[in-house]
Amino acid sequence: MNKKRLTFNNFYFYLVLIAPILIVYVLFFVIPVVSSMLFSLTNFNGVNLNFKWVGFNNYDVLIHDRVFKKAMVNTFWFALGATIFQNLFAIVFAMALNTKLKSKNLLRSLLFAPCMLSPIVVAFIWQFIYMPDGLLNKLLGTDIIWLGNKKTALLCTIIAHVWMWIGYSSTIYMSNLQSISNDILEAAAIDGAGSWQKFRTIILPMLAPATTINVTLAFTQSLKVFDIVYAMTGGGPLNSTETVGTSVVANMNRGLHGYASAQTVILAIVIVLFGQLLIGYLKKREEAIY
């Protein structure tokens with residue numbers, strides 16, 4: 001079977017094939033990224049194109065901006081909490097739904113359903129749950145203002161985010177679980193291994209590929225969180241749930257587009273840096289296991 005290779009003569013043919021996706025990539029990724037980097041060096045207000053170049057002044061202001069520092073810390077706490085809870089409960093649900101339950105297909109659909117909802121819809125659902133006279137307080141018999149308390153507001157937004165995406169992570173773990181041979185588990189049971197021992201020494205290590213995907217996606221996506229936090233708390237109270245995403249929008253609303261662009265550049269660098277470090281570590285762990 002002869003395979004056609006990319007040559008000078010057929011280059012334009014392959015270029016036409018990839019042109020649509022290439023155009024989309026340039027329009028919705030390359031241009032926004034480059035323009036953000038350029039605007040971060042200006043005092044652009046989002047309207048007047050007669051902006052001035054200010055060099056790295058926006059970045060200098062970022063270093064001393066108390067609200068941005070708070071937003072960055074909150075963003076990391078959000079990403080860390082969401083990654084841990086999302087993967088922990090996803091593994092539990094994946095294990096439960098990988099058994100011979102008669103209604104497992106229905107339960108899988110119900111578990112996956114929240115990630116198909118709009119983040120705004122999810123935010124409104126959890127706002128209702130967290131209301132002073134909402135479902136949570138009725139169940140606990142309390143009257144706590146969950147989203148109005150700076151000690152609980154960030155955790156509440158993390159829980160809403162995890163609830164939305166836990167089904168997505170569970171699906172990936174379930175796919176990995178189905179690739180684990182029952183012969184290995186049966187051999188371990190014959191050797192006297194209990195359920196916890198089989199999970200700790202066999203199942204969990206063999207979930208390494210799914211763990212790499214889920215942990216990386218959960219952490220990097222959580223660093224970009226905006227809509228669900230903005231809809232639930234708007235960054236309050238007292239900036240306790242302020243993330244880089246909500247801070248960027250707040251500054252854009254003030255006409256500080258240049259400054260907001262600098263924030264997005266810093267966030268992009270952080271995401272790329274931590275994403276690469278995380279993938280590198282998890283890939284080495286995966287290779288060591290397999």
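Please give the contour-minus-distance gain from residue 26 to residue 182: 0.36 nm per residue of separation, less the Cα-Cα distance, rounded to one decimal in nm. Write down the numbers at each step before the final one.
Values: separation 156, 0.36 × 156 = 56.16 nm, distance 4.68 nm.
Gain in length upon complete extension: 51.5 nm.
Any idea of the accessible area per residue across the chain, 1.4 Å probe, to the nearest Å²?
Accessible area per residue, the chain: 61 Å².
How much of the accessible area of the stretch 63-288, in percent, comes from carbon and sulfur atoms when a 1.4 Å probe is used? Intermediate results must be reported in sequence, preceding the final value.
Working: 8240 of 12070 Å².
Exposed carbon and sulfur together represent 68 percent of the surface.
Starting from the coordinates of the alpha-carbon atoms of the stretch 63-288, obtain the Kirkwood hydrodynamic radius over all distinct pairs and give the value in Å to one decimal.
19.4
Could you sort out which of 52/224; 69/224; 70/224 sit more than 18 Å apart by Cα distance in this structure? Intermediate results must be reported in sequence, preceding the final value.
Details: 52/224 29 Å; 69/224 16 Å; 70/224 15 Å.
Beyond 18 Å between Cα atoms: 52/224.
Obtain the radius of gyration and the Kirkwood radius of the stretch 145-202 from its C-alpha atoms and give Rg over Rh.
Details: Rg = 18.8 Å, Rh = 14.5 Å.
Ratio value, two decimals: 1.29.
If we count every other residue with Cβ under 15 angstrom of residue 43's Cβ, Lys/Arg +1 and Asp/Glu -1, where does the sum land?
+1
Give, to the nearest whole percent, the P(r) tail of the stretch 197-290 beyond 19 angstrom, counting all Cα pairs.
Summing the P(r) tail past 19 Å for the stretch 197-290 gives 55 percent.
In the P(r) worked out for the stretch 1-156, what percent of Cα pairs fall beyond 22 Å?
More than 22 Å apart: 73 percent of the Cα pairs in the stretch 1-156.
Quick check on the stretch 81-206: what does the Kirkwood estimate of hydrodynamic radius come out to from the alpha carbon pairs, in Å? Walk me through the intermediate numbers first.
Working: mean 1/r = 0.0599 Å⁻¹.
The Cα-based Kirkwood calculation yields 16.7 Å.
To two decimal places, what compactness ratio does the stretch 128-167 give when its Cα radius of gyration is scaled by 2.2 N^0.38 Å? Walk me through the numbers on the way to the answer.
Values: Rg = 10.5 Å, N = 40, 2.2 N^0.38 = 8.9 Å.
For the stretch 128-167, the normalised Cα radius of gyration comes out at 1.18.
Output the peptides 21-31, 145-155, 83-93, 40-50 sorted from most to least packed, where packing is the average of other Cβ atoms within 10 Å over each peptide's residues. Don't skip to the answer; put the middle values down first.
Working: 21-31: 10.6, 145-155: 16.8, 83-93: 19.8, 40-50: 15.1.
The peptides rank, most packed first, as 83-93, 145-155, 40-50, 21-31.
Under the rule of at least 5 residues apart or a separate chain, name every residue whose amide H is placed under 5 Å from the amide H of residue 42.
Sorted by chain and number, the residues that satisfy this are 54.
Rounded to the nearest 20 Debye, what is the dipole magnitude of the chain about its Cα centre when Lys and Arg each give +1 and Asp and Glu each give -1 at the C-beta? Present the calculation step by step, with values, prior to reporting the outcome.
Working: 21 positive and 11 negative charges, 71 e Å.
Around 340 debye, computed over the chain.
Looking at the chain as a GNM with Cα springs under 10 Å, which of 80, 185, 117 has the largest mean-square fluctuation?
With Cα springs under 10 Å in the chain, the top fluctuation among 80, 185, 117 is at 185.
Enter the Cα centre distance for the pair the stretch 238-272 and the stretch 204-233, rounded to the nearest angstrom.
Cα centroid of the stretch 238-272 versus Cα centroid of the stretch 204-233: 20 Å apart.
The values are calculated or read from the model by the stated rules, or taken from the named source; none is laboratory data. Since this is a predicted model, take the numbers as computed values, not measurements. Here the Cβ is made from the backbone with ideal geometry for all residues, glycine too, and neighbour counts use every protein chain on show. For accessibility, only protein heavy atoms count, side chains too; no ligands or nucleic acids. Shrake-Rupley method; radii C 1.70, N 1.55, O 1.52, S 1.80 Å.
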